[in-house]
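Since every read-out is calculated from the coordinates, none of them should be taken as a lab result. Please read all numbers here as calculations on a predicted model, not as lab measurements. Please note: Cβ atoms are built from the backbone with ideal geometry, for glycine as well, and neighbour counts cover all protein chains shown.
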Amino acid sequence: MQRRSLVSLAAAGVAAAGVRGGVAQERYPSRPITLIVGFAAGGNGDITIRYLANALKDRFGVPVVVENRPGAGGALAAERTARARPDGYTFSMYTASPFVVEPVMRSAPYDPANDFTYVVQYLITPQAAFVLSSSRFRTWQDVIDFARANPDRFRWATAAARGGPYIATEAAFRKEGLSTIVASYNGGAPAVAALLAGDIDMVVSPDYPPLLDAGQVRLLAEIGPERVRGLENVPTFGELGYPLTLQVNLGLVGPAGLPPEVVRMWEDGVREVTATAEWEALMVRLRAVTSYLPSAPFTQRVLDTYREMAPAVERLGLKG
């Protein structure tokens, strides 16, 4: 049933794109589509977007290729997407770091409000602060006590050097009056590898589920406002009274000016994939939650967050 409905949708897209203004247009999609991930392979975001790519290539009838382009907290991928032709063949994975955090932390080569089409949101993923199960730190308060007694000795990292989890965690440490060392990696997977190697003490990212299942890590806190499924026993930054909490969402973004029929095709395709039992099983495994938003409300959410981020960063003294 899903295949027939999406084939019908593709046919509608063909009809819509066939003639525009009396000029013949190529059928969409008629060639490979690229989904850019601004982080290293292996993280939760990378896993979910590869699942979507695999499901949608079968339905759209063309290859949907995932390309990892890590660097600058995801900003390299965002810049490439902003400069792409608005023809529906280049998208990137949305996460707050390059689109609403990086541009207020420093000057970015793109404008989040004008250079993108925010196509669809598909999930919310908890961002946990976690340590090795063998770590001396058994609770979040243990981290605070150690860092207070040992300035500039506690070492931690996030998936993006200037992303949302970074500023939320740094804001928490600053409220506690702590000075720590932040390591920089090009994604959650390299940060986790550094944790496993003993190079750092803690990671804040969504990439903990397989390690938690294997008993390798311990969760200390989550950076959101309230407890979420799968982390019912983990305190949140909201509960701890910290000045900045974040609910991290993932989606798809294209360059500004994408044709409405292309946006609708992706909205409907992602909605159908994320409504399946197979997708829900993936969400349970990753401790994530399906959160579907079509383009209009997704765009509003992104722009609202972007406008709220600048004064928060300035107020907390985190700019730069």
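Brief remarks follow.
- Summarising the amide proton neighbourhood of I33: residues at separation of 5 or more, or on other chains, whose placed amide H is nearer than 5 Å comprise V64, V65.
- In plain terms, the chain is cut at each of the GluC sites (Glu not before Pro) found in a DSSP loop with at most 11 other Cβ atoms within 10 Å, and the longest leftover piece is 27-225.
- Diagonalising the gyration tensor over the Cα atoms of segment 128-222 and scaling each eigenvalue by 5 before taking the square root yields semi-axes of 19, 15, 12 Å, largest first.
- Antiparallel content of DSSP bridges confined to the chain, in %, to 5: 60
- The spacing between segment 56-87 and segment 284-320, judged by their C-alpha centroids, is 20 Å.
- Selected from V120, V192, L219, residue furthest toward positive end of dipole (the chain; charges at beta carbon): V120
- Gain in span if fully extended, N150 to S30, counting 0.36 nm per residue against the direct Cα distance: 37.3 nm
- Relative contact order of the chain, pairs being alpha-carbon contacts under 8 Å that are 6 or more residues apart, as %: 25
- Think of it as helices only: each DSSP H run of n ≥ 4 in the chain is worth -39500 (n - 2.57), and spread over all residues that comes to -12500 deg cm²/dmol at 222 nm.
- Screening the chain for whole DSSP H helices with an alpha carbon extent of at least 18 angstrom along the helix axis and a mean Kyte-Doolittle hydropathy of at least -1.0 yields 2-18, 44-60, 260-274, 295-316.
- Toward the positive end of the charge dipole of the chain, with +1 on the Cβ of Lys and Arg and -1 on the Cβ of Asp and Glu, the farthest Cα among G42, Y28, V131 is that of Y28.
- Net dipole in debye of the chain [+1 Lys, Arg Cβ; -1 Asp, Glu Cβ; about Cα centre; nearest 20]: 360
- Label reach from R229 (point 7 Å along Cα→C-beta): in segment 268-303, amide nitrogens under 14 Å belong to 274-292.
- Share antiparallel - DSSP beta bridges, segment 128-222, percent rounded to 5: 55
- Applying 0.36 nm per residue to the separation of R138 and A113 and subtracting their alpha-carbon distance, the gain on full extension is 4.8 nm.
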